[in-house]
Amino acid sequence: MNHSENSLPTDFFEKMVENCIFEIFVTDQKGTILYMNPISKFLTGRTDQNIIGRNVCDIVNDGTISDSATLKVLKEKKTCKVVLKSSGGENLVSISSPIFNEKGEIEYVITTAQNSAELNELSNSLIRENLHLQQEIKLLSRMKEEYINSDDIFLSGKVYDHIITELSKVAPLDISILIRGETGTGKTDIAKLVHKLGKNSSGPFIKINCGMIPENLFESELFGYEEGAFTGAAKGGKVGKVELADNGTLFLDEIGELPLSVQVKLLDFIQEKTITRVGGHKKIPINTRIVTATHRDLETMCKEGTFREDLYYRLNVFPITVPPLRTWGNDIYLLALFFLNRYNKKYNGRKTFRADILSHLLCYEWPGNIRELEHILERLWISEDGTELTGEALSVLISPEAKTETTVHCSDIIPLKKAKAELEKQLLINAYHKYKSSYEVAKALDIAQSTVIQLKKKHNI
């Protein structure tokens, strides 16, 4: 078969009609059936040998179909639709359209039909999807109304739009959520949102930082202890954090720091939904939502044997990743405005940002992420006497360890996207002059070697 690259095969339309999921009939200007595609045989209950060559009037009269859109077209000379029943008992929606010749006379009539039950199911499916979408939109709107103007949680920008969409699906469900992200990215705020949107939102939100508890105290802190369980145990015993989270949410931050000995007991609790206090024998039923967070690579820890694989799969039912601040792009400015508004309220002021502050926000890597930005902006607000906070003042407060060796100056006003691309190119050129190999360049710029190669190709270096 010969055809050019941009043209369709000569038998393309034949194959398309043959494999169409709709019933297709073609008749001439007198209503004689010239063609029917394979699926028509299933819907009409007749083979093409019984149909082709017959007139549509005949198959209506013999009960093959109860009505005909084709006959209406031949009479009215326009596209017509009918709902009919086939001899096989199928309810069909049939649409017929005329094809006119150069004289304006009907030459052919093309009819398509589909099972009405399938169309109804498709319609119902679309209605269900639309209702689900409306529910999600209402949920997102409610979350925005509750939190967007709050001093507690930032929910603006593309980063959080994606996270909120994910949370709207899983927060109401009783499944474990693992929040992943670098230190300072706001994982605790996400955990609080999960609690607010969950079934146990009226209950307590109990947070445990697994990296802050000495190993020998882990079990008693989590599960509590009975009086006399060990030397120094408080009179009357103590209720553990897990028990305090009953009918609420238990947030285990830095779960990667949990000792192996306690991991076993945590797994038992998740599976059995009961705990036993240290020194006790009574099983206490607990109903709590488990939310965990980590900046560690749990998959690697599982391979190394420092984190139980069975516990990992129990906790990682639905993972949510919070991206680092350096990847936020212009959304970082929205976050900075959020903090500025907070400090204006806190310290009863009306300070603003000068336009040059955005470039400094974008150029800095923010190793401490949101937490670092929050603290630096508060120091900036307090240290500056004027009402305008500048990029120059911000750069003075940025930690020297995270600064680059040179300062970037812009001699003219150019689009930010173009400025960033030019800086990217210059950094790459300077790094290659000094290090030569892509491996060393990647190490110096603190990016992946594959990224270096992509950038080199992008800038034709």
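Return the residue satisfying two criteria in turn: it lies in the stretch 376-403 and is within 30 Å of I453 (Cα to Cα) and more than 34 Å from the chain's Cα centre (by Cα), and of such residues it is modelled with the highest pLDDT. Checked the stretch 376-403; the qualifying residue modelled with the highest pLDDT is P400. Output yes when any residue across the stretch 263-271 is surrounded by fewer than 16 Cβ atoms within 10 Å (Cβ to Cβ) and without any contact (Cβ under 8 Å) to a residue 12 or more places away in the chain, and no when none is. Scanning the stretch 263-271, I find at least one residue that is surrounded by fewer than 16 Cβ atoms within 10 Å (Cβ to Cβ) and without any contact (Cβ under 8 Å) to a residue 12 or more places away in the chain, so the answer is yes.
Within this structure, E221 fails the test of being in contact (Cβ under 8 Å) with a residue 40 or more places away in the chain, among the acidic types (D, E) and outside any loop (DSSP other than H, G, I, E, B).
Evaluating F218 against the criteria (1) within 19 Å of L315 (Cα to Cα); (2) of a type outside the set (V, I, T); (3) surrounded by fewer than 15 Cβ atoms within 10 Å (Cβ to Cβ); (4) at pLDDT below 90 leaves one unmet condition, (3). Given the condition surrounded by 15 or more Cβ atoms within 10 Å (Cβ to Cβ), of a type in the set (S, T, N, Q), at negative phi and not assigned by TED's automatic domain parsing to the domain that holds D189, answer yes or no: does some residue in the stretch 342-363 qualify? There is at least one residue in the stretch 342-363 that is surrounded by 15 or more Cβ atoms within 10 Å (Cβ to Cβ), of a type in the set (S, T, N, Q), at negative phi and not assigned by TED's automatic domain parsing to the domain that holds D189.
Among the hydroxyl-bearing types (S, T, Y), without any contact (Cβ under 8 Å) to a residue 60 or more places away in the chain and touching an Asp or Glu at 6+ places or on another chain (Cβ under 7 Å): which single residue out of Y333, Y347, Y343, Y312 fits that description? It would help to see each step written out before you state the result.
On the way: Y333 fails: touching an Asp or Glu at 6+ places or on another chain (Cβ under 7 Å); Y347 fails: touching an Asp or Glu at 6+ places or on another chain (Cβ under 7 Å); Y312 fails: touching an Asp or Glu at 6+ places or on another chain (Cβ under 7 Å).
Sole residue among the options that is among the hydroxyl-bearing types (S, T, Y), without any contact (Cβ under 8 Å) to a residue 60 or more places away in the chain and touching an Asp or Glu at 6+ places or on another chain (Cβ under 7 Å): Y343.
Being of a type outside the set (K, R) and in a helix (DSSP H, G or I) is the filter; apply it to the stretch 168-183 and report the residue that is surrounded by the most Cβ atoms within 10 Å (Cβ to Cβ).
Within the stretch 168-183, the match that is surrounded by the most Cβ atoms within 10 Å (Cβ to Cβ) is S168.
For the structure I just gave you, tell me whether I414 is out of contact with any strand residue (DSSP E or B) (no Cβ under 8 Å at 6 or more places or on another chain) and modelled with pLDDT of 80 or more. It is false that I414 is out of contact with any strand residue (DSSP E or B) (no Cβ under 8 Å at 6 or more places or on another chain) and modelled with pLDDT of 80 or more.
Note on the stretch 285-315: residues that are surrounded by 17 or more Cβ atoms within 10 Å (Cβ to Cβ) and either of a type in the set (A, V, I, L, M) or within 24 Å of N200 (Cβ to Cβ) (or both) total 13.
Specify the residue that is nearest to the chain's Cα centre (by Cα); the eligible residues are those in the stretch 324-359 that are part of a loop (DSSP other than H, G, I, E, B) and among the basic types (K, R). Write out each step before concluding.
So in the stretch 324-359, the residues part of a loop (DSSP other than H, G, I, E, B) come out as 324, 328-330, 347-351, 354-356.
Subsequent filtering for residues that are among the basic types (K, R) retains 350-351, 354.
On the way: R350: 36, K351: 35, R354: 34 Å.
Going through the qualifying residues, I end up with R354.
Of all residues in the stretch 397-404, none are under 28 Å from L178 (Cα atoms), part of a loop (DSSP other than H, G, I, E, B) and in contact with a Cys (Cβ under 9 Å, 6 or more places away or on another chain). The residue that is surrounded by the most Cβ atoms within 10 Å (Cβ to Cβ), counting only those in the stretch 32-57 that are at pLDDT 85 or above and assigned to a helix (DSSP H, G or I), is V56.
The values are calculated or read from the model by the stated rules, or taken from the named source; none is laboratory data. All figures in this text were calculated on a predicted structure; none of them were measured in a lab. Using ideal geometry, Cβ is built from the backbone for each residue, glycine included, and neighbour counts are taken over all protein chains shown.
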